[in-house]
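To keep things clear, I will list the structure first and then write my remarks on it.
The values are calculated or read from the model by the stated rules, or taken from the named source; none is laboratory data. Just so it is clear, the structure is predicted and the values come from calculations on it, not from any experiment. Methodologically, a virtual Cβ is constructed for each residue, glycine included, from the backbone with ideal geometry; neighbour enumeration extends over all protein chains shown. Ligands, DNA and RNA are excluded from the accessible area calculation, which covers all protein heavy atoms including side chains. Shrake-Rupley method; radii C 1.70, N 1.55, O 1.52, S 1.80 Å.
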Amino acid sequence: MEITKSTGDCNIIPNLSFETHHGGDAGSTDNSDSKPKTFQPCHSRFTDYTPCQDQKRAMTFPRENMNYRERHCPPQKEKLHCLIPAPQGYVTPFSWPKSRDYVPFANAPYKSLTVEKAIQNWVQYEGNVFRFPGGGTQFPQGADKYIDQLASVLPITNGTVRTALDTGCGVASLGAYLWSRNVIAMSFAPRDSHEAQVQFALERGVPAVIGVFGTVKLPYPSKAFDMAHCSRCLIPWGANDGMYLMEVDRVLRPGGYWVLSGPPINWKNNYISWQRPKEELEEEQRKIEETAKLLCWDKKYEKGEMAIWQKRVNAGSCRAKQDDSRATLCKSADADDAWYKKMEACITPYSDSGSSDEVAGGELKAFPERLYAIPPRVASGSIPGVSVETYQDYNNEWKRHVNAYKKINKLIDSGRYRNIMDMNAGMGGFAAALESPKLWVMNVVPTIAEKSTLGVIYERGLIGIYHDWCEAFSTYPRTYDLIHANGVFSLYRDK
């Protein structure tokens with residue numbers, strides 16, 4: 001109704017034809033007795049149901065390597081065929097940027113974090129709203145000051161660092177405050193005892209998914225992120241022969257940065273306050289340093305409880321390390337193939353580079369120029385059937401489409417829609433044409449898509465994820481304002 005009121009004339013496009021355009025001799029069908037299928041509301045206990053991260057089902061899986069916190073989707077006979085209800089009193093979320101700091105209590109009525117993380121300034125309950133002061137376990141004084149410290153080492157201000165991965169993100173305050181620095185973070189955390197942390201992030205208007213470092217690869221392509229970050233994220237980085245750090249290395253761009261804030265950094269001065277044995281912390285740091293050297297990461301910074309490493313830009317200066325007997329190279333021919341693939345303790349090889357200072361896989365422009373520059377994967381011919389010319393035509397076409405959408409729905413660019421999803425994102429043309437500080441787009445590349453284009457999306461400075469739409473998405477109910485379903489139903493017609 002609001003859209004109708006704001007757009008006024010319902011005959012904006014008077015020449016639309018609603019006649020069928022399908023060919024073939026299907027014959028006529030008498031629909032006089034047929035009724036549309038209706039779905040009833042689910043029971044109220046399903047208000048925050050996440051099918052593939054259901055707590056009850058999770059407890060039936062092994063706890064080793066966080067397997068029980070990974071995706072475990074219900075079998076066909078257990079799938080719900082009802083509509084997830086909103087909680088009592090649910091209201092439209094605040095618009096950005098107010099949503100960064102305030103979330104209506106009724107939308108995510110869980111107070112446990114306000115008690116559990118009270119001294120760390122994660123979230124506070126104030127009347128009928130939650131307030132997010134911007135604090136975190138490692139930055140109780142606020143994310144802005146913490147980011148200032150990062151920006152003193154990392155090239156954040158000039159647009160070189162654009163895409164970030166925040167592991168074990170809590171309520172995603174880092175991602176919320178990076179947004180004002182023109183950095184877009186993909187934040188993730190498991191659905192665990194910290195109830196509703198990812199739900200809070202999405203209610204705030206911050207990109208986030210339910211996820212965990214476990215036994216399978218992260219659902220992102222290789223060379224995706226300019227920065228990966230862990231702020232006391234409780235991931236055992238030294239375990240499993242460095243497998244988790246090797247997975248960070250896979251998704252980190254050549255020249256990208258890894259930030260570790262909290263234990264075990266500077267353990268000599270902190271082991272008492274952390275209430276952990278110094279021998280355990282010393283061994284943990286030794287394993288991290290050892291794996292970082294094996295990956296040819298250079299330590300750029302260590303001060304207080306923060307350390308920053310940088311990945312080399314190519315393999316040229318890393319030959320000696322990769323000849324090490326402990327440096328097993330991954331054998332998979334496609335480093336982007338990640339959906340439900342087992343994580344391995346192996347090093348993803350660099351792409352070929354011509355000289356010692358050339359960036360493997362191609363150098364990226366700084367953002368925002370990067371958004372419409374030719375992505376290296378396109379320039380190198382890595383995407384079948386896509387040339388520089390067809391890529392430029394593709395972008396022009398999506399600019400026209402989005403302009404047409406805006407004529408039909410005047411609210412698109414008004415700030416009403418903050419969290420947007422593109423279910424079949426292609427090369428990110430829809431998201432690029434929409435680019436605005438008022439909104440962000442989760443670009444989903446279906447695993448059955450003809451071309452694997454998620455790497456191109458990240459090269460543009462956008463974010464996204466692999467997903468198979470035969471399963472539920474890794475999010476909470478009611479977390480997207482607008483969903484774009486371009487061609488996805490045709491893609492899954494036979495599924």
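Before moving on, here are some points about what is shown:
- With both labels modelled 7 Å from their Cα along Cα-to-Cβ, the K331 to T114 distance reads 5.5 nm.
- Between the C-alpha center of region 76-102 and that of region 402-480 there is a gap of 19 Å.
- Computed with a 1.4 Å probe on the full set of protein chains, the accessible area for S332 sits at about 60 Å².
- Surrounding net charge for D481, when Lys and Arg each add one and Asp and Glu each subtract one, Cβ distance under 10 Å: +3
- Under the Karplus curve 6.51 cos²θ - 1.76 cosθ + 1.60, θ = phi - 60°, whole-Hz ³J(HN,Hα) for region 380-389, x wherever Gly or Pro sits: 8, x, 6, 9, x, x, 10, 9, 4, 5
- Rounded percent of accessible protein surface that carbon and sulfur make up, region 246-325, 1.4 Å probe: 44
- DSSP-defined antiparallel bridges as percent of all bridges, the chain, nearest 5: 35
- V129 versus Y480: modelled label distance in nm, points set 7 Å from Cα along the beta carbon direction: 2.7
- Spatially proximal lysines relative to K278 (Cα-Cα < 18 Å; intrachain offsets below 8 disregarded): K268, K287
- Under the Karplus curve 6.51 cos²θ - 1.76 cosθ + 1.60, θ = phi - 60°, whole-Hz ³J(HN,Hα) for region 238-254, x wherever Gly or Pro sits: x, 6, 6, 6, x, 4, 5, 5, 5, 6, 4, 4, 4, 8, 8, 5, x
- Here region 390-466 has 51 percent of its accessible surface on carbon and sulfur atoms, given a 1.4 Å probe and all protein chains in place.
- Annotation: amide H-H contacts under 5 Å for A208 (H modelled 1.01 Å from N, sequence separation of 5 or more, or interchain): S187.
- Around the amide H of L154, modelled in the peptide plane, lies no amide H under 5 Å away from a residue 5 or more places distant or on another chain.
- Listed residue (S112, Y146, Y102) projecting farthest to the positive dipole end of region 102-157, Cβ model: S112
- Given K223/K342; K223/K365; K365/K407, the pairs whose alpha carbons are separated by over 21 Å: K365/K407
- Using the Karplus relation 6.51 cos²θ - 1.76 cosθ + 1.60 with θ = phi - 60°, the per-residue 3J(HN,Hα) values for region 328-345 come to 7, 7, 5, 9, 4, 6, 10, 6, 7, 7, 10, 5, 6, 8, 5, 6, 10, 7 Hz, with x marking Gly and Pro.
- With a simple spin-label model that places each label point 7 Å from the Cα along the Cα-to-Cβ direction, the separation between S95 and K410 comes to 1.3 nm.
- Built amide H within the under 5 Å cut-off of H484, gap 5+: M421, D422, M423
- With protein chains left intact and a 1.4 Å probe, residues in region 259-340 average 56 Å² of accessible area per residue.
- When the GluC sites (Glu not before Pro) in region 379-468 are filtered for DSSP coil states and for at most 14 other beta-carbon atoms within 10 Å of their beta-carbon, the remaining sites are E450.
- As a fraction of the 1.4 Å probe accessible area of region 94-229, surface on carbon and sulfur atoms comes out at 51 percent.
- In a reduced charge model with +1 at each Lys and Arg Cβ and -1 at each Asp and Glu Cβ, the chain shows a dipole moment near 880 debye about its Cα centre.
- Of the residues I457, P368, G385, the one whose Cα sits farthest toward the positive end of the charge dipole of region 353-482, with +1 on the Cβ of Lys and Arg and -1 on the Cβ of Asp and Glu, is P368.
- Separation of region 117-171 and region 220-241, taken as the distance between their Cα centroids, equals 17 angstrom.
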